[in-house]
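Please treat every number below as a calculation from the coordinates, not as lab data. On a predicted model such as this, the values are computed, not experimentally measured, just so you know. All Cβ positions, glycine included, derive from the backbone under ideal geometry; neighbour counts span all protein chains shown.
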Amino acid sequence: MSLYFFNLRHGPGADGLAVDTEGDELAGPAEARARALAAAHDLIARTRLHSVRDWFTCAFEVTDAAGRPVMTVPFSDTVTEDDEGSGLA
């Protein structure tokens, strides 16, 4: 298991980054990506914030326990090709 941090990029610069200070222990990068997509989907569907006008411009900047970048998961990745073809996007 590895510790991953899901920092929310919602705007430019340091003010546009909500830092995850707790992290989640997950089996690997594939599980971290799945967790990021699930969290992004939940935020898009359930959360309204004045500071975030368009969730689809946001991303999770996932880092490891040492603070090294692992991946960036754009919220737009929550929309799959199947969704686009069904008129849901």
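A compact table of results
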{"read-out": "Test set (1) in contact with a strand residue (DSSP E or B) (Cβ under 8 Å, 6 or more places away or on another chain); (2) within 11 Å of V73 (Cα to Cα); (3) hydrophobic (A, V, I, L, M, F, W, C) - F5 fails condition number", "value": "(2)"}
{"read-out": "Residue selected from region 10-26 under the condition exposed (fewer than 13 other Cβ atoms within 10 Å of the Cβ) and either touching a residue at least 24 places away in the same chain (Cβ under 8 Å) or among the small types (G, A, S) (or both), by the criterion nearest to A39 (Cα to Cα)", "value": "E25"}
{"read-out": "Which listed residue, of A36, A32, A40, A45, is within 19 Å of T80 (Cβ to Cβ), in a helix (DSSP H, G or I) and in contact with a Leu (Cβ under 6 Å, 6 or more places away or on another chain)", "value": "A32"}
